[in-house]
Amino acid sequence: MTPPILEIEDLTVSFDGFNALNHLSFQMETGELRVIIGPNGAGKTTFLDVITGKVKPTQGRVLFKGRNLRRYSEDQIARFGIGRKFQTPRVYLNLTVRENLELAGARQKGVLSTLLHPLPKPDRERIQALIETIGLRPKANFPAGLLSHGEKQWLEIGMLVAQSPDLLLVDEPVAGLTDEETRLTGELLVALAESHSIIVIEHDMEFVRQIARTVTVLHEGSVLCEGSIEDVQNDPRVIEVYLGAPLEEPTSQKQP
Ligand code: ADP
Ligand code: MG
């Protein structure tokens, strides 16, 4: 049997005696798109920091495809197949969309060699397909500096995918985006979820409703509850600690 892609057992992370994560257990299967929500300070970013190896557990274990990550550096863990997209885009503004993707997909070859030598045909086709997926075909040969904030986010998601990770970690992908960009970002993540395992951390509840299958709620460093978006938004514990009041339904679903 294949192990879960990610298994976290009794994880505690202590900063000077304060438990940012507190006996947290979590499991996710290959191919899942999981959304994690929780109030500020719940431990969401620390949770990602531990998975990527930036922060080491004080106690407990993180298993990626059955392998305990404890002994490995951030670089090694990235090479095992965990990719992270940060909140702020990190693209080369003076290179084109296509060049950014080619570089991301061929890091080991070095910048100059990648830019100076044409890619083999299968690689070129893969990058072209990725350009289509992220919706940037009309701008493939534009410098990334000319893209909107939303388009830069999609490019960065594309650059992450170009590295062929098995697990994608995406921290607040729609912060600062317009409603339309937010909707398109949701469509992109749902499309990528057909062939990737993805964890998305997000505050925007309408966006969470658009993409979520299973939602995990973090609170004070532990999992408070887990389930469908309906389960979670009706859970009295969630309403109490996270929302303070019942979650508002989208206008179209409001009862008269
Ligand atoms: P979230 O992303 O859910 O808002 P974080 O994971 O950033 O939460 O933080 C969880 C808690 O841990 C917060 O109370 C935060 O102040 C604390 N914390 C995070 N990183 C550190 C650190 N390096 N040193 C001390 N405290 C930290
Ligand atoms: Mg955070």
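Structure notes:
- Burial ranking of peptide ranges 59-66, 164-171 (average Cβ count within 10 Å, highest at the top): 164-171, 59-66
- Accessible surface computed residue by residue for region 91-164, with neighbouring protein chains in place and a 1.4 Å probe, gives 53 Å² per residue.
- Value of D in µm² per second that Stokes-Einstein yields for the chain, Kirkwood Rh from Cα pairs, at 25 °C (0.890 mPa s): 127
- FRET efficiency for the THR45 to ARG79 pair, using the beta carbon distance and R₀ = 22 Å, is estimated at 0.50.
- Available extension along the chain between GLU240 and THR58 is 62.6 nm, counting 0.36 nm per residue and deducting the alpha carbon span.
- Over 27 Å (Cα to Cα) - which of LYS65/LYS121; LYS44/LYS65; LYS65/LYS152; LYS44/LYS139 fall in this group: LYS65/LYS121; LYS65/LYS152; LYS44/LYS139
- Note: relative contact order over the chain, using C-alpha pairs below 8 Å and six or more positions apart, is 26 percent.
- Carbon/sulfur fraction of accessible area - region 1-98, other protein chains in place, 1.4 Å, %: 48
- With the simple model of a label 7 Å out from the Cα in the direction of the Cβ, PHE142 to PHE15 spans 3.8 nm.
- Comparing Cα centroids, region 34-108 and region 145-197 end up 14 angstrom apart.
The values are calculated or read from the model by the stated rules, or taken from the named source; none is laboratory data. None of these values were measured; they are calculated from a predicted model. Positions of Cβ are generated from backbone atoms using ideal geometry, with glycine treated the same way; all protein chains shown enter the neighbour counts. Please note that ligands, DNA and RNA were not included when accessible areas were found on the heavy atoms of the full protein model with its side chains. Shrake-Rupley method; radii C 1.70, N 1.55, O 1.52, S 1.80 Å.
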